[in-house]
Each structure stands twice: as C-alpha cells, then as structure tokens.
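> Here it is, the structure, as structure tokens.
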Amino acid sequence: MAEISELVAADRDTFRTGTLQRHKMTRAQWEQAAGDAARGYVTLLSLWATRSAVHMALMEPNSRGVGILSLENRRAEFPSVARLHPPAQRLERSITDLFGLAPQGAEDTRPWLDHGAWGITTPLAKARPREARQPDYDFLPVIGEGLHQVPVGPVHAGIIEPGHFRFSAQGETVVRLEERLGYTHKGIDRLMQGATVARGAMLAQRCSGDSTVAYGWAYAQATEAAQGVTPPPRALWLRAIMAELERLANHLNDIGAICNDAAFALMPALCSPLREKVMRGCDAAFGHRFMRDAIVPGGVARDLERDGRQALEAVVDEVRRGFEPIVELYDNRPSLLARTVGTGRLRGDLARQFAAGGYIGRASGRDFDLRRDLPYAPYDRLTFKIPVREEGDVDARIWIRIEEVRQSLHMLDQLLGGLPAGDIQAPPGPGNAPGEGLGLVEGFRGDVLVWVALDARGRIRRCHMRDPSWFQWPLLEAVIEDNIIADFPLCNKSFNCSYSGVDL
Amino acid sequence: MKTMLLKALTGKPLTEAAPAQSGLDELGMTLGLQARRRLGRSLAIRQVDAGSCNACELEIQATGNPVYDLDRFGLHFVASPRHADVLLVTGPVTRNMEVALRRTYDAMANPKWVVAAGDCAIDGGCFAGSYAVLDGCAAVLPVDVTIPGCPPKPAEILRALVALMQRADKTS
Ligand code: SF4
C-alpha cells in the first residue's frame, strides 16, 4: 500500500487544471489517512460526503500536492476521522446530520447543524419526515467548585450573526467555552443539487457575504476544472483585483471593530470611512459594493472600464494615505495595547494541528497562504510578502491584518498597472460531460475550498464548500480559556469567524 | 493622536450632508420631526439576523459609520429587545432561528414595528424553497416595511426607516 502522503504528493500537477482523480480507499487506508493527518504528515483540508461515499481532501505539506481520498460505504457508516484527528469533528457531525452516515468510533455524536426544527431528517439522503421541535442540546458537563454558567445567544447584543456561547466561569475567569452553531443553516448543499452551474455561482457567493469574491472564485475554479475551461488572463487579473479589494474592506473593518471591543472608539471612526471608500470603489468599478455575481464560471461578468479603474486607483491612493496614521495611533496607545497584547493567545501547535488559515494561523506562526503556497494566476506574477507572527494574541492578529492591508495595496498597484488586455470570458467548453473539480482560494479569512461534481447534463450533482472558519471556530474555545469573560468580545472579534459560512 | 484630534476639529466633517446628492439630510429632517412626535426624540432598533449571509449585517453596521451617521437622525441600535421600537430582520428566517426571532419580537413593548431588510427577509431570496428556511420574515411576524436589495445599501436602509415613520404616523 502506497503511503498516503506519496499518493497526495503525486497529485501536484493535476490540481486545478482538470478533473482531479479521487483515490479509492480501503477502510484500513482511510484510517491510515486519518492517522497521518493527526501526525501532521498530511494536512486535512476538508471532509464531506456524497450519497454513498465519504471524501477527504488532503495536502502534502512539502510537495504541496493536493489529493482527494474516497471511501465507498454501503452500510451508512464510515470509520471516524475525528477519533484520530479532532479538527474533523464538526464536519463529521454535519455529515451525520445531512446524510445519516455514522462515523464509527466517534466520541461526540451529538447533532450539529440539525436542531430538530427542519421537519425532516437527513435532508441530503433519503429524507424522512419528523415532527419539528427543538429539543434541548446536551452541553458538555463542566464539574467543579464555584462554577457558574453564562449562556449567550443565539441573538447577540450587536449587529452580528447568531450563535450560542455557553461559558462556564469561575468568578470572572472562563474555565470552558462551548459553541453551538447551526442557527443560520439555510440548506445550501441541497439547493445546490440539480442546480445549473450559473445558479450554483449565485448560491456560492451568498454563503458568507463578506467573502463573496473568495467563494465566487473558488467555485469558478472548481467548475472550470470540472468542465475543462480556462478563463482568459484578463478575467483572472480582474478576479484578483476584486479579491484584494474584498480583503482590504474586511481587514479595515476588522481593525476598527476589534479596537472598538477594547473600548477605543476612535479606531473604528477612522477605519470605517476608509472601508466605505473601498466599498464605493467596488460599486463604481464592478457594479456592486460586495462585487456580487461579478465572477462567473469561465471569467467575469463585466469588464473594468476606464473610469472604474480610475476610481479604484483613487481608492488605493486614499486608503494608503489614510491608513498609516491609523497604524501609528494603534501602535502608540498603551491603554489600547494593554487590552490586546497577551490576550487570547492561540498556541502555534494548535494552529498547525487544525490547519488554521488566514490571520489566525499566521498570527500563531503557521506560515501558509494559498496565494504563495498553492498559487493560482495571477498571483504567480505578483510580488508580495506573507506576514507571519509568533505571539498568537489579539495584538498579533491585528498586526497581521495591518501588514496585509499594506500588501493588498501593493498588489492592487501591480494589478491595476499591469492588467492585460483581452477577453473577459472563456470560449464555451467542449459541452456538457460529467466532471469533478476542486477550487482553493485565499479569502480574507483564510482558504476557501469548493469541490463540485457535475452530471452529464452539466448540472450540479454535489457541491461541497468548506469555509476557513470550520478550523478556526474550535480554536476560539481554546483561546478564551483562562481569560476573563469581558475579554471574550475582543477575542471573538479578533477571530471574526463566519457563522453563515459554516452553517451553510 | 494630538494632530489627529486637531485635524478632526479643524477639518471638514466626513459625514455626508449634501441632500441633493444622497438625500440623507432631507431624510434626516423628515425622520427627526416624525420620530419626535411619536417617540420623543429617538427610535430604538433591535436587529436580528435570522439566517442572513452576513452582507446585510455589514451594510446595517455601515449606517452607523461617520459617513452615514445614523445617530444624528435619532436612530440607534439597542441590545435589548425590551428597549426597542423597531425589529430589523435580515435573512430568509431559518427554521433554526424561528423560535429566537419570535421570542425577540414578543419581548418588545408596544407599539412596535418590523422591518424586513434584504431580499432574503422579504421572500427567502435565493434560498426560497429550502427545507431549512421559512421563505421570509412575513411567515413569522407582521412586516411593516421591506427593504429590497442583496444587500440593500446603507442609504436605502436609512430611507426605509423614514417610510416606516410615515406609516406609523398614519396608523396612529
Ligand atoms: S438578501 Fe442577499 S445580502 Fe442579504 S442576507 Fe440574503 S443573500 Fe445575504
């Protein structure tokens, strides 16, 4: 039996250019792969199911090969990955909720997405009717002297997404946080089934609104690979312009919002107008503030005209001028730094174990960014740096964002200056044929993965989307331990995980 | 920081005031007058995300930034539904959020109004027909005002709150 890591490493060149052949596994090999992920020989990128099989996407960290392993299952069960590799746990619980497949040997078999309210069970398999009611959820027991519980949510105090946080605290100090999500579950996976590729693109771009472009691009990569379509260079450059604008807008928002949760309101007052400038620039250039439906499979929906380009150049200029004084302000406020430095520390080994992407991983020493490490055009033509820090605290997550704002501005200079001429849409492909494809794009929050399988009519048989937050949310539980409850909003904001992206 | 504060004191405000361009100032006037008559000087809004993709939230948040500055109209967001006059709902209303949404509404004192913001909240948007959603806010609560868009822009959200005030005035 070939080593799992060798199998995956061999897939280095086929990834993103066409249908990626899946490796059929025996049960023993499947368990071997889970063990290898736990040992760090391979990185677990995602875990999902289709009607009769489970699949995992893995990366071999040295060769940067990406491969998919599949295990057929005739008896509605499969060997648990989470039993050996805990980061798979919530993905696995979701598979049980949606497909009714049971992970053998799993420790935690509580439902995750299914709160009992759908009126049916296992919506992606043979759905069965069930009386809709919401039974109580069994939170994990916390035993100890002087402990009290603080339940928060799903409706929170601010204008944010819904989720439930159960704090067990001793005095002010959090002993354990348990998250319960799934409140925004919209059933996107089932809406995808049988949808046209175009409708799929719409849904993908509404998975997590702040990452519209990242999802649109990853989905486009996946369908293009499945159909053997190559978008023209200009389209790819335009996608990168959109992706960096999206990163800019979100990072500016976050930098302000984190400081706001440290009660320093001047930062958001300065950051949010810059973010507003970016949003208006996007609207002027691409016809939508979030650039919704601007990326379409095969290319982009509309070209960047001259005035749109000038608008974006002006935005880059204004943000660059406005941003540095803000950084200086942050760096010179001892009262603010007292809240952010040392707070919510994420250990590097946990970040690596969970393959935490984005600013969360990079603030804890996980030196990984798809734009450099599994590059896609046009990033292979740009010069940029990937900032990494070791401290892993709120402050480090702010600094990664600050540095990424600077890098995005630098990239936008190159992208706007070097935009190649030509078409913005690929010529239609060879026609409909069954195919599968994988897309991986670095969003502002981390790596977004999309896997799609098309049928002979060119419709979606199955589409799986894995938000970066799947591997970030569980780490927030670890980070808050031994911090005081009052610092939770600060830690949470510095993570800024997506609810909708993981609830689907 | 000193230079920054000085600049803030001497510089032009960021807040947009030009009524001809954005209509914001004009909106502020109508809203201010009517809100005063009905609710004293302010209108308190409780926002609930009933399964949105989060873009609607981002635009609602943006209404509070210095460019739109919703507070100058006497509008403000509150944490407790008990303090709220308006329930601002986003998302297609997932079945998993139905109970929480109802409870939030029930906790509000009368008179109260419901605003459905975004295509999802109006009729489920592109998620309509899913087993997991109720195809919009009206399935659960009496909706007074709808704000179309995916997501609606911050200025459109402000504009809709004025429409709500006018309606509240007529029905009194
Ligand atoms: S209306 Fe559009 S932006 Fe608003 S929640 Fe729905 S999909 Fe997201």
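The values are calculated or read from the model by the stated rules, or taken from the named source; none is laboratory data. From a predicted model like this one, the values you see are computed outputs, not experimental measurements. Note: ideal-geometry Cβ built from the backbone for every residue, glycine included; neighbour counts use all protein chains shown. Ligands, DNA and RNA are excluded from the accessible area calculation, which covers all protein heavy atoms including side chains. Shrake-Rupley method; radii C 1.70, N 1.55, O 1.52, S 1.80 Å.
> Please report, to two decimal places, log10 I(q)/I(0) for the stretch A:4-113 at q = 0.18 Å⁻¹ as given by the Debye formula with identical point scatterers on the Cα atoms and no solvent.
Per q value, in the given order, log10 I(q)/I(0) is -0.82.
> Okay, next question. Residues of the stretch A:215-253 with amide nitrogen under 19 Å from the 7 Å Cα-to-Cβ point of A:THR17?
A:221-233, A:236
> Amide H of A:THR121 versus every other amide H placed in the peptide plane: which residues, excluding those fewer than 5 positions away on the same chain, fall under 5 Å?
A:ARG128, A:ARG130
> Please check which bits of the stretch A:112-144 a label hung off B:VAL99 would reach, taking the label as a point 7 Å along Cα-to-C-beta and the cut-off as backbone N under 17 Å.
So the set is A:112-121, A:130-140.
> Lys and Arg at +1, Asp and Glu at -1: add these up for the other residues within a Cβ distance under 15 Å of A:ARG130 and post the number.
+1
> Excluding ligands and nucleic acids, what accessible area in Å² is computed for A:LEU181 using a 1.4 Å probe, to the nearest 10?
0 Å²
> Could you please state how large a percent of the accessible area of chain A is carbon and sulfur, counting protein chains only and using a 1.4 Å probe?
So the carbon and sulfur contribution to the accessible surface is 49 percent.
> Still on this structure, please answer the following. Of all beta bridges DSSP finds with both residues in the protein assembly as shown, what is the antiparallel percent, to the nearest 5?
Approximately 70 percent, going by the DSSP bridge assignments.
> By its C-alpha gyration tensor, with a ≥ b ≥ c as the square roots of the eigenvalues, how is the stretch A:135-266 shaped: rounded for a/c under 1.5, else prolate for a/b larger than b/c, else oblate?
oblate
> What number comes out for the charge environment of B:MET4, summing +1 per Lys or Arg and -1 per Asp or Glu over other residues with Cβ under 14 Å away?
Here the count lands on +1.
> Follow-up. Amide H of A:ALA426: which non-local residues (sequence gap of 5 or more, or other chain) have their own amide H closer than 5 Å, using H built in the peptide plane?
Under 5 Å from the amide H of A:ALA426: A:GLY299.
> HN-Hα J couplings of the stretch A:170-185 from phi, Karplus 6.51/-1.76/1.60, θ = phi - 60°, integer Hz, Gly and Pro as x?
So the J values, rounded to whole Hz, are 10, x, 8, 8, 7, 8, 8, 10, 10, 8, 10, 10, x, 5, 9, 4.
> What whole-number distance in Å separates the alpha-carbon centres of the stretch A:219-263 and the stretch A:368-447?
7 Å
> Per residue, how much accessible area does the stretch A:91-181 have with a 1.4 Å probe, in Å²?
Each residue of the stretch A:91-181 exposes 47 Å² on average to a 1.4 Å probe.
> Then there's this: Would you mind counting up the charge near B:GLY118? Only other residues with Cβ under 14 Å from its Cβ, with Lys and Arg at +1 and Asp and Glu at -1.
Once all neighbours under 14 Å are counted, the net charge is -3.
> Quick check: the distance between the Cα centres of the stretch A:270-329 and the stretch B:41-56, to the nearest angstrom?
When both Cα centres are located, 25 Å separates them.
> Same structure again: Could you report the stretch A:218-258's accessible area per residue, 1.4 Å probe, as an integer in Å²?
15 Å²
> Roughly how far apart, in whole Å, are the Cα centres of the stretch A:173-218 and the stretch A:115-141?
19 Å
> May I ask you to find the residues of the stretch A:460-504 that are shielded by at least 10 Å² of accessible area once the whole protein assembly is considered instead of their isolated chain (probe 1.4 Å)?
At a threshold of 10 Å² (probe 1.4 Å), the residues of the stretch A:460-504 that become less exposed are A:SER500.
> Right, something else. For the stretch A:208-288, state what percent of all Cα-Cα pairs lands in each successive 5 Å bin, counting from 0 Å until the bin that includes the largest distance.
Once binned at 5 Å, the Cα pair distances of the stretch A:208-288 give 3, 14, 19, 20, 15, 11, 8, 5, 3, 1, 0.
> Still on this structure: Whole-Hz ³J(HN,Hα) for each residue in the stretch A:306-323, computed from phi via Karplus 6.51 cos²θ - 1.76 cosθ + 1.60 with θ = phi - 60°, x for glycine and proline: what do you get?
Calculated HN-Hα couplings, in order: 5, 5, x, 5, 5, 4, 5, 4, 5, 4, 4, 5, 5, 5, 4, 6, x, 7 Hz.
> Taking amide H positions as placed 1.01 Å from N in the peptide plane, with prolines and chain starts having none, which residues 5 or more places from B:VAL133, or on another chain, fall under 5 Å of its amide H?
When sequence neighbours closer than 5 places are left aside, the close amide H contacts are B:ARG95.
> Enumerate the calculated ³J(HN,Hα) couplings along the stretch A:25-42 in order (Karplus 6.51 cos²θ - 1.76 cosθ + 1.60, θ = phi - 60°), each rounded to whole Hz, writing x wherever the residue is Gly or Pro.
Coupling constants for the stretch A:25-42: 10, 8, 4, 5, 5, 4, 5, 4, 4, 4, x, 5, 5, 5, 7, x, 5, 10 Hz.
> A further question on this structure: From the helices alone, meaning DSSP H stretches of at least four residues, give me the mean residue ellipticity at 222 nm for chain A, per-run term -39500 (n - 2.57), in deg cm²/dmol to the nearest 500.
-12500 deg cm²/dmol
> If you take the beta carbon distance between A:ARG306 and A:ASP373 as r and set R0 to 30 Å, what does 1/(1 + (r/R0)^6) give as a FRET efficiency, to the nearest 0.05?
It comes to 0.30.
> Estimate for me the total accessible surface buried between chains A and B (protein heavy atoms, probe 1.4 Å, no ligands or nucleic acids), in Å² to the nearest 100.
3900 Å²
> Under the rule a/c < 1.5 gives rounded, and otherwise a/b versus b/c splits prolate from oblate, where does the protein assembly as shown land using the Cα gyration tensor?
The shape class here is rounded.
> Taking R0 as 51 Å, what's the FRET efficiency between A:ALA127 and B:LYS2 from their Cβ-Cβ distance, rounded to 0.05?
0.20
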